[in-house]
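Here the structure is laid out as structure tokens; the discussion comes afterwards.
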Amino acid sequence: MLIRHRRLRKSHAIRSLVRETTLSPDDFIAPLFVIEGQGKKEEIASMPDYYRFSLDLLQAEVRQLWELGIKGVLLFVKVEDYLKDNRGKEALNPEGLMQRAVQAVKQATPEMLVMTDVALDPYSSYGHDGIVEDGKILNDPTTEILAQMALSHVQAGADFVAPSDMMDGRIRAIRNLLEEHGEVDAGIMSYSAKYASSFYGPFRDALDSAPGFGDKKTYQMDYANATEAIKETLSDVEEGADIVMVKPGLCYLDIVREIKNAVDIPVAVYQVSGEYSMLKAAAEKGWLDHDAVMLEQLTAIKRAGAQIIVSYFAKDAVKLL
Ligand code: PBG
């Protein structure tokens, strides 16, 4: 035999030398759920070991993440029911929970990159990502509010906004409004190829944001489609996104690779709540080795072309690396 493939696998040393993909703390963004109150740390029922934090404990958490080497967080807020309406008015409140959360993180860890979720669903009495009229989700009036919401987050101190709504034209609307207000350094990480996925269930428990009627299939993408993901992503690049994202992760690695090959800006992947919960559940039953499967999955996401991984495993993974 002239070629023996196993020579390059013979020892730990040679495997390390020829390894193409390695994980580092630099790869991760940690999503964080924020609630009102003091001294509160509530476990999310469908996401074992994952919590919602009040602002004081959020500060303790981000300090710990920073010490572990994680350099970015993505903030989500759980909005009180009485503040919800059809137009997400509370999202624009300069004293709102998100705006205060951004300030709290910056105060605790000034160098931490703070990203915020921009979408109406946590604020919507209908649990939808846009304004509802006659059972339909309105596009253009929603993008106007999203742009104002993004501006409000940036004015509170956010480094990046992350629009997760999938309305058409929202990246352009956000970019234009930020420019008009001189916020030229604010970044946009766009959820560009976001699929209508059943893997978001635990997240909707975490924020109590499940749609009150229907589903999100008129704005989030059909999981049977790939070409559309390229089209969506290229629009976002043209409209001024700095980073594009594919979501969910593992079931969509073919899309990640295609997008990686199609754009010249960083590609992020969101390994979503359902992916987290599946592994936690299997590990709890003793059916899968939690740490080993976690690192295999995260490495696969990076191998597919993700430069940034948004993951609920960020902290667990970084502790192991
Ligand atoms: C909402 C939003 C969702 C997620 C991030 N932003 C849920 C949805 O679209 O219903 C899902 C994240 C996860 O499942 O971890 N705009």
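The values are calculated or read from the model by the stated rules, or taken from the named source; none is laboratory data. Remember, it's a predicted structure, so these values are computed and weren't measured experimentally. Using ideal geometry, Cβ is built from the backbone for each residue, glycine included, and neighbour counts are taken over all protein chains shown. Side chains included, ligands, DNA and RNA excluded: accessible areas come from the protein's heavy atoms. Shrake-Rupley method; radii C 1.70, N 1.55, O 1.52, S 1.80 Å.
Once you reduce segment 1-45 and segment 77-136 to the center of their Cα atoms, the two points are 31 Å from each other. Taking a ≥ b ≥ c as the square roots of the eigenvalues of the alpha carbon gyration tensor, segment 22-320 is rounded, as a/c is under 1.5. Partners of Lys71 within straight-line reach, counting aspartates and glutamates whose Cα lies under 13 Å from its Cα and excluding those fewer than 8 residues away in the same chain: Asp26, Asp27, Glu61, Glu111, Asp159. Residue-wise HN-Hα couplings along segment 309-321, as the Karplus relation 6.51 cos²θ - 1.76 cosθ + 1.60 with θ = phi - 60° gives them from phi, are 10, 8, 8, 5, 8, 3, 5, 4, 5, 5, 4, 7, 6 Hz; Gly and Pro carry x.
Sites count as exposed loop sites when they are chymotrypsin sites (Phe, Trp or Tyr not before Pro), lie in a DSSP loop, and have at most 12 other Cβ atoms within 10 angstrom; the longest stretch of the chain without one is 1-212.
Nearest 500 deg cm²/dmol is fine: what mean residue ellipticity at 222 nm does the chain get from its DSSP H runs of n ≥ 4 alone, each adding -39,500 (n - 2.57), divided by its residue count?
Per the formula, -12000 deg cm²/dmol.
Pairs exceeding 26 Å between alpha-carbon atoms, taken from Lys10/Lys280; Lys89/Lys231; Lys231/Lys319; Lys41/Lys315: Lys10/Lys280; Lys89/Lys231; Lys231/Lys319. Rounded to the nearest 10 degrees, the angle from helix 253-262 to the longest Cα principal axis of the chain is 80 degrees. Applying the criteria of a DSSP loop state and at most 13 other Cβ atoms within 10 Å to the GluC sites (Glu not before Pro) of segment 55-139 yields Glu80, Glu95, Glu111. Couplings for segment 197-202, taken from phi via the Karplus curve 6.51 cos²θ - 1.76 cosθ + 1.60 with θ = phi - 60°, read 10, 7, 7, 8, x, x Hz in order; Gly and Pro are left as x.
Segment 139-158 and segment 161-230 have Cα centres spaced 13 Å apart. Whole-Hz Karplus values for segment 167-178 come out as 6, 6, x, 6, 5, 4, 4, 5, 4, 4, 5, 4 Hz, taken residue by residue from phi with 6.51 cos²θ - 1.76 cosθ + 1.60 and θ = phi - 60°; glycine and proline positions read x.
Taking label points 7 Å from Cα along the Cα-to-Cβ direction, Asp85 and Ala282 give a separation of 4.6 nm. For the chain, the longest principal axis of the alpha carbon atoms and the long axis of helix 97-108 meet at an angle near 50°. Note on the chain: GNM, Cα springs under 10 Å; of Ser11, Ser311, Ser24, the largest mean-square fluctuation is that of Ser11.
Between amide H atoms placed 1.01 Å from N, distances below 5 Å from Ser197 occur with no residue 5 or more places distant or on a separate chain.
Working from Cα positions, state the angle (0 to 90°, nearest 10) between the long axis of helix 290-304 and the longest principal axis of the chain. It is inclined by approximately 80 degrees. Among Ala210, Ala147, Ala224, determine the one that fluctuates most according to a GNM of the chain built with springs between C-alpha atoms less than 10 Å apart. Looking only at Ala210, Ala147, Ala224, the biggest GNM fluctuation is shown by Ala224.
How about segment 134-221: which trypsin sites (Lys or Arg not before Pro) there are in a DSSP loop, with at most 15 other Cβ atoms within 10 Å of their Cβ?
Lys217
In this structure segment 22-320 gives 41 Å² per residue of accessible area when probed at 1.4 Å with all protein chains present.
Amide H to amide H distances under 5 Å link Leu113 with Gly72, Val73, where only residues 5 or more positions off or on other chains count and H is placed in the peptide plane.
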